[in-house]
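The values are calculated or read from the model by the stated rules, or taken from the named source; none is laboratory data. Because the structure is predicted, anything quoted here is derived from the model rather than measured. Don't worry about glycine lacking a Cβ; one is built from the backbone with ideal geometry, like all the others, and counts go over all protein chains shown. Calculation scope for accessible area: heavy atoms of the full protein, side chains included, ligands and nucleic acids excluded. Shrake-Rupley method; radii C 1.70, N 1.55, O 1.52, S 1.80 Å.
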Amino acid sequence: MTTALGVDEYRDLLSSALPPAQDADTVTPSLSTLFTPDGHRAALHVDTTVVRGGRGVGKTFWYRSLLDEKLRAVAAEEYRNDRLRHLTVATGYGAQIQPELYPGPGELRSLVEEAVRPYDLWNTVLLVALRHPTLLGLQGWRERVEWVRAHPSERDQTIAQADQLAHAEGTTQLILFDALEHLHWDRAQADRLVAGILQLALEMRLGTRNIRFKVFIRPDMFDGALLNFPDASKLTSNAASLQWSRANLYGLFFHYLGNHDGEESIRFRAITGGWTEHTAGRHQLPSALRGDEKVQADAFSVIAGPYMGANFRKGITYTWLPNHLMDGVEQVSPRSFLNALVKAVEETRDSYAGHEFPLHHEGIRRGVQSASQTRVTEVQEDMPWVHTAITPLVGQQVPIDPELVISLWTQAGLTERLQREAERVATSTRSSDEVRTGPRYADDYRQLIEELMALGVMRRRKDGRIDLPDVYRIAFSIGRKGGVPMIQS
């Protein structure tokens, strides 16, 4: 008979099993961390070209997993998608600097300044992915692009031959694109570059049987590309979104607890029951713990207690945590969710070590504050203009009238601030390899609100007032009556 885990043993398991840094750019997916939510099945279909998702939802995780033959095999098994076993996968663009596969930020910026057409650029990347010998013999991307422009018939022949060969071998050439927000600091240029990728992706989908693109992209960037390539809308019919339901988030959490090396993880699996033996490098969750909210809530209440305080009026722990991490488009990223739990156990150990449950509700509140800080930092890194836009609202209470938002922006001279920010980023970008994107409507405040809502930073209430979800509000130092305390700036 297995002895239940004690409070300290649970805390040891939480501290050791949950990943300390939820940054897909620096974390390599592994067999033990690969979790396959049912809702992500469509994103892995070979014919799905566009995979939309905000930061932290798993775009880079799946991008990297598809590049790994062992992880593809696991995904093929669990999603019952046999085509994943018969792929030749190449990188079309990603966050890593790989000048042999695609131009890096500096060379890409130079090509854009020389007015190289994005369609020609990505055609060149495609032919390099198909291992065209002449292009592989050229060192610079300018020379490669010029060669492709000068040899259109050879370009067509190379693609046709690669398609025929893949068909004869029963495989598919899959070209992956990720980290598109890093393409160019100027949003308009980034939109045009993305439109070029999508144009070629559509051409491959319609003109070949066995060459496919898979483009992991933020929803706002996909919408921006539509302005430059209206036919991209033809890709929306089979587009997929990386979304995480509440059950998916807790399934991921329990997956980590049951797949760690250590005695506590073994006992956790025994206590919860129904786990598979260690096959394909991992233990699989029992279906109830993976997708039954009642079973998950019972299991989580053992760890965090049933309530966010003395009784149910303070909130149910199982629902409270994801509800307070939800953004304006009602999405919770697994990165925020796990970040909050890591901080919750740290806070509990430091301040509530004698608590009867492994996690204290005040620790969970601190976890939400920490996740908010992380999310705001991420947004500031990706889109510094968001921070510039929200700064004039610091100290206000939400929900807030949109006219007051516009008035505060006007008083702060937001348009000029955003323009100066864009110029500063442009200048700094020319001296480094960092790239950024900016707002599309810096001089139209009502459109700017809509853009922030599309990003999930804001949302509109039924009465028309503007709200900021807690995952942004707290770290941006904006108040809410009765809400989780904001972080003082």
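Any idea how many residues of the stretch 326-360 are among the aromatic types (Phe, Trp, Tyr) and either part of a loop (DSSP other than H, G, I, E, B) or more than 25 Å from residue 57 (Cα to Cα) (or both)?
Going through the stretch 326-360 one residue at a time, the tally reaches 2.
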message = I need a count of the residues in the stretch 161-203 that are farther than 17 Å from residue 49 by Cα, hydrophobic (A, V, I, L, M, F, W, C) and open to solvent by less than 40 Å² (accessible area, probe 1.4 Å).
response = 4
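Scan the stretch 401-422 for residues that are among the charged types (D, E, K, R), over 25 Å from residue 189 (Cα atoms) and part of a helix (DSSP H, G or I) and report the count.
Restricting attention to the stretch 401-422, the residues satisfying the condition of being among the charged types (D, E, K, R) are 401, 403, 416-417, 420-421.
Then keep just the ones that are over 25 Å from residue 189 (Cα atoms); that gives 401, 403.
Remaining after also requiring part of a helix (DSSP H, G or I): 403.
Total satisfying the criteria: 1.
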ask   = Do any residues in the stretch 445-461 that are free of Cβ contacts under 8 Å to residues at least 60 places away in the same chain have Cβ atoms under 9 Å from those of residues that are of a type in the set (Phe, Trp, Tyr) and open to solvent by less than 70 Å² (accessible area, probe 1.4 Å), where the two are at least six apart or on different chains, and which pairs are they?
value = 445/409; 448/409
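Can you tell me how many residues within the stretch 6-30 are assigned to a loop (DSSP other than H, G, I, E, B), of a type in the set (A, V, I, L, M) and at pLDDT 90 or above?
Of the stretch 6-30, the ones assigned to a loop (DSSP other than H, G, I, E, B) are 6, 18-30.
The next check asks that each one be of a type in the set (A, V, I, L, M); those that pass are 18, 21, 24, 27.
After this cut, where a residue has to be at pLDDT 90 or above as well, the list is 18.
Within the stretch 6-30, residues that are assigned to a loop (DSSP other than H, G, I, E, B), of a type in the set (A, V, I, L, M) and at pLDDT 90 or above number 1.
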query = Are there any pairs with C-beta distances below 9 angstrom linking a residue in the stretch 71-92 that is free of Cβ contacts under 8 Å to residues at least 12 places away in the same chain and assigned to a helix (DSSP H, G or I) to a residue that is surrounded by 17 or more Cβ atoms within 10 Å (Cβ to Cβ) and hydrophobic (A, V, I, L, M, F, W, C), with the two at least 6 apart or on different chains, and if so which?
reply = 76/44; 76/84; 82/76
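Rundown of residues vs (1) closer than 28 Å to residue 84 by Cβ; (2) open to solvent by less than 30 Å² (accessible area, probe 1.4 Å), yes/no style:
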site: 225; (1), (2): yes, yes
site: 231; (1), (2): yes, no
site: 246; (1), (2): yes, no
site: 261; (1), (2): yes, no
site: 266; (1), (2): no, no
site: 288; (1), (2): yes, no
site: 294; (1), (2): no, no
site: 298; (1), (2): no, no
ask   = Somewhere in the stretch 316-325, is a residue in a loop (DSSP other than H, G, I, E, B), within 18 Å of residue 297 (Cα to Cα) and either in contact with a strand residue (DSSP E or B) (Cβ under 9 Å, 6 or more places away or on another chain) or small (Gly, Ala, Ser) (or both)?
value = no
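Select from the stretch 354-368 the residues that are in contact with a helix residue (DSSP H, G or I) (Cβ under 8 Å, 6 or more places away or on another chain) and open to solvent by 10 Å² or more (accessible area, probe 1.4 Å) and list them in ascending order. If you could, list the steps in order and put the result at the bottom.
Just the residues of the stretch 354-368 that are in contact with a helix residue (DSSP H, G or I) (Cβ under 8 Å, 6 or more places away or on another chain), to begin with: 355-364, 366-368.
Within the stretch 354-368, 355, 356, 357, 360, 361, 362, 366 qualify.
Quickly run through the stretch 288-309 and pick out the residues that are of a type in the set (S, T, N, Q) and closer than 15 Å to residue 252 by Cβ. So that I can check it myself, show each step before the final result.
Residues of the stretch 288-309 of a type in the set (S, T, N, Q): 296, 301.
Answer for the stretch 288-309, where residues must be of a type in the set (S, T, N, Q) and closer than 15 Å to residue 252 by Cβ: just 296.
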query = Within the stretch 5-20, restricting attention to residues that are surrounded by fewer than 18 Cβ atoms within 10 Å (Cβ to Cβ) and more than 15 Å from residue 304 (Cα to Cα), which residue is farthest from the chain's Cα centre (by Cα)?
reply = 16
request  = Kindly indicate whether any position in the stretch 207-216 is more than 23 Å from the chain's Cα centre (by Cα) and open to solvent by 20 Å² or more (accessible area, probe 1.4 Å).
outcome  = yes
ask   = So which of 65, 32, 110 is out of contact with any strand residue (DSSP E or B) (no Cβ under 9 Å at 6 or more places or on another chain), farther than 22 Å from residue 332 by Cβ and open to solvent by less than 60 Å² (accessible area, probe 1.4 Å)?
value = 110
ask   = Across the stretch 301-327, what is the total count of residues that are in contact with a Phe, Trp or Tyr (Cβ under 8 Å, 6 or more places away or on another chain), small (Gly, Ala, Ser) and either surrounded by fewer than 20 Cβ atoms within 10 Å (Cβ to Cβ) or modelled with pLDDT under 95 (or both)?
value = 3
message = Give me the residue from the stretch 113-142 that is farther than 21 Å from residue 184 by Cβ and surrounded by fewer than 18 Cβ atoms within 10 Å (Cβ to Cβ) and, out of that set, nearest to the chain's Cα centre (by Cα).
response = 131
request  = Could you please tell me which pairs satisfy a Cβ distance under 8 Å, a separation of 6+ or placement on different chains, a first residue in the stretch 129-140 that is under 23 Å from residue 212 (Cβ atoms), and a second residue that is of a type in the set (D, E, K, R) and surrounded by 12 or more Cβ atoms within 10 Å (Cβ to Cβ)?
outcome  = 135/144
request  = Kindly list, by first and then second residue, each pair from a residue in the stretch 463-484 that is farther than 16 Å from residue 386 by Cα and open to solvent by 10 Å² or more (accessible area, probe 1.4 Å) to a residue that is in a loop (DSSP other than H, G, I, E, B) and among the acidic types (Asp, Glu), limited to pairs with Cβ atoms under 7 Å and residues at least 6 apart or on different chains.
outcome  = 465/401
ask   = What are the residue pairs meeting all of these: first residue in the stretch 340-361, first residue among the β-branched types (Val, Ile, Thr), second residue open to solvent by 70 Å² or more (accessible area, probe 1.4 Å), Cβ atoms under 7 Å, and 6 or more apart or on different chains?
value = 342/20
